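The values are calculated or read from the model by the stated rules, or taken from the named source; none is laboratory data. Given the structure is predicted, the values throughout are model-derived calculations rather than measurements. As a convention, Cβ positions derive from the backbone with ideal geometry for all residues, glycine included, and neighbour counts pool all protein chains shown.
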Amino acid sequence: MKNTSNMNRNTENTNGYLLKVEDLKTWFAIKKGLLRRTAGFIKAVDGVSFNIKRGQTLGLVGESGCGKTTVARSIVRLVPATAGKVIFEGIDVLSADKSESKELHRQISLVFQDPFSSLNPRMTIGNIVGEPLKVQMGITGSELTERVAVLLAKAGLSSDYINRYPHEFSGGQRQRIGVARALVTEPKLVICDEPVSALDVSIQSQILNLLKDLQDEFGLTFLFIAHDLTVVEFFCDITAVMYMGRIVEQAESEELYRNPMHPYTRALMSAIPRVDRSSAKGAFGGEVPSILNPPSGCPFHPRCPLAEGECLKQMPALKEKGGHEGQGHFVACWKC
């Protein structure tokens, strides 16, 4: 990749979008034989596109293995993308040079799924939260301690915890520490990868409310990855549903939950426990097809009760089929 700054600047009008992901693909080569020749590819992410406006929250949902986490890791270059663009404030993240990458690491932060394994057990809380300030911004001494104490307080923790170690805290407290660490460099975009799935339900609501409060206070933008649609309904402005490396439906959360169009989305919705639901009309059976040998046509057709004809032969494109001005309702389905 070329690393000149002029190549990385995107001249398109971003129209208020902080992040624009365009046709992102992340494929992993399958090596076989003594010579380890490439025999094919695992298409973990295969043409994903979405935009997030400043201050918005976009939720990526879907079954385990659908590619949600790979999207997030590709955006921050923890996993090398195969093709596509990730435009953050006019910079193509995937071809950013060294100086731009350093700034991007400050502007984009992560909150991880597991609060137990994401914190170094040999470091104090003060060092864990303050390390990005030292490494990325060169802040040390009393200023570092003061800023860490302020962030811990924002996350609902006492400044007295600075010299304690992760094993002294509960799962919910550890995730609050993870949130404080993510915000310490004053980022604009925070990527939350299943941030509450490892927590008790009562603690989940506390962490979600904390994130909402911090979003309001600091004007944060979130990419929120989850498999729990109830959490996404509560937390996200826009919801994008993924299946086998692709987005199959996307709309404003209120619109999508009121009027799910794709058979896969309807099936996911039917699994949400509600007191007013008399039957799971959208329920489906069967397993997700092997990503090593995906089906022809629409990848959902082996499990779809509506599949016939074109569904078995050709991949449907993601097209606008509803919604309203400002945010359409996009679906990739021949029958919708």
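Values as computed for the structure displayed
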{"read-out": "Criterion violated by ASN127 - all others in (1) in contact with a Leu (Cβ under 8 Å, 6 or more places away or on another chain); (2) farther than 30 Å from ILE272 by Cα; (3) among the polar types (S, T, N, Q) satisfied", "value": "(1)"}
{"read-out": "SER117 on the phi < 0 side of the Ramachandran plot and not in a strand (DSSP E or B)", "value": "yes"}
{"read-out": "First in segment 184-208 and of a type in the set (Val, Ile, Thr), second anywhere and surrounded by 18 or more Cβ atoms within 10 Å (Cβ to Cβ) and part of a loop (DSSP other than H, G, I, E, B), Cβ under 6 Å, 6 or more apart", "value": "VAL190/LEU220; ILE207/VAL196"}
{"read-out": "Flag for VAL71 being assigned to a helix (DSSP H, G or I) and at pLDDT 95 or above", "value": "yes"}
{"read-out": "Answer from VAL129, VAL111 - the residue that is touching a Cys at 6+ places or on another chain (Cβ under 7 Å) and closer than 22 Å to SER158 by Cα", "value": "VAL111"}
{"read-out": "Residue match in segment 317-336 (condition: crowded, with 16+ Cβ neighbours inside 10 Å, without any contact (Cβ under 8 Å) to a residue 60 or more places away in the chain and not hydrophobic (A, V, I, L, M, F, W, C))", "value": "no"}
{"read-out": "Residue satisfying all of: in segment 84-106; hydroxyl-bearing (Ser, Thr, Tyr) and touching a residue at least 60 places away in the same chain (Cβ under 8 Å); surrounded by the most Cβ atoms within 10 Å (Cβ to Cβ) among these", "value": "SER95"}
{"read-out": "Filter result for GLU63 (under 19 Å from VAL241 (Cβ atoms), modelled with pLDDT under 95 and surrounded by fewer than 17 Cβ atoms within 10 Å (Cβ to Cβ))", "value": "yes"}
{"read-out": "Long-range neighbours under 6 Å by Cβ, at least six apart or interchain, first residue touching a residue at least 40 places away in the same chain (Cβ under 8 Å) within segment 288-312, second surrounded by 13 or more Cβ atoms within 10 Å (Cβ to Cβ) and in a loop (DSSP other than H, G, I, E, B)", "value": "PRO289/PRO295; PRO299/MET244; LEU306/LYS335"}
{"read-out": "Condition check for GLY84: at pLDDT 95 or above and either outside any loop (DSSP other than H, G, I, E, B) or under 24 Å from the mean Cα position of the chain (by Cα) (or both)", "value": "yes"}
